[in-house]
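Comments concern the structure below.
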Amino acid sequence: MAYALLSVGVLGLLVFFLGANVSRTRRSVTVTQNEAEADPNSALRKAIRAHGNCIEYVPMLSLMILALGLRFPLMPPWIAALMFTAVASRYVHAIGILTGGSVYEANLLKSIGAIGTYLTGIVLSVILIAHAAALF
């Protein structure tokens, strides 16, 4: 359970740091906020997109990680590694958005983060489904 709690705690930090970054960036905008939000290269648009994308995936990942933590109090190392990979994927994706060019352009970090999120999310889902099926 410790790995699950650590993973969810670190995901929570990502959500709140990215949210604080949006607030910080909004205060530094020198053009109107609408113009900055519309510009796919602006720091504000990147901050908003990084936070928004994080919010799209972190809640479900957190629920699955906590459910597995409850199911496996003494977690097998490969499941802990999977959880940490999911967390790392979200961080890598956020860094890719914040440091890349336009929010519409693909870049290596965004791609690695997205692929890692999808793969780990699917595997975590399948593990949960398999363990739920065993309970019937």
Report the normalised scattering of the chain as log10 I(q)/I(0) at q = 0.12, 0.17, 0.22 Å⁻¹, calculated by the Debye formula with identical scatterers on the alpha carbons. -0.51, -0.86, -1.21
In what order do 48, 115, 129 fall by count of nearby beta-carbon atoms within 10 Å, going from fewest to most? 129, 115, 48
Candidates 97, 122, 55; GNM for the chain (alpha-carbon contacts under 10 Å) flags as most fluctuating 122
Got a sec? How would 63, 135, 70 order by Cβ neighbour count within 10 Å, fewest to most? 135, 70, 63
Going from the fewest other Cβ atoms within 10 Å to the most, one would list 27, 71 as 27, 71
Which ³J(HN,Hα) values, rounded to whole Hz and listed in residue order, are derived for segment 71-76 from phi using the Karplus coefficients 6.51, -1.76 and 1.60 in 6.51 cos²θ - 1.76 cosθ + 1.60 with θ = phi - 60°, glycine and proline given as x? 5, 10, x, 9, 5, x
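Every read-out reported here was derived from the displayed coordinates using simple, explicitly stated rules and does not represent laboratory data. Everything quoted here is computed from the prediction, not taken from an experiment. Heads up, the Cβs are rebuilt from the backbone with ideal geometry, glycines too, and the neighbour counts pull from every protein chain shown.
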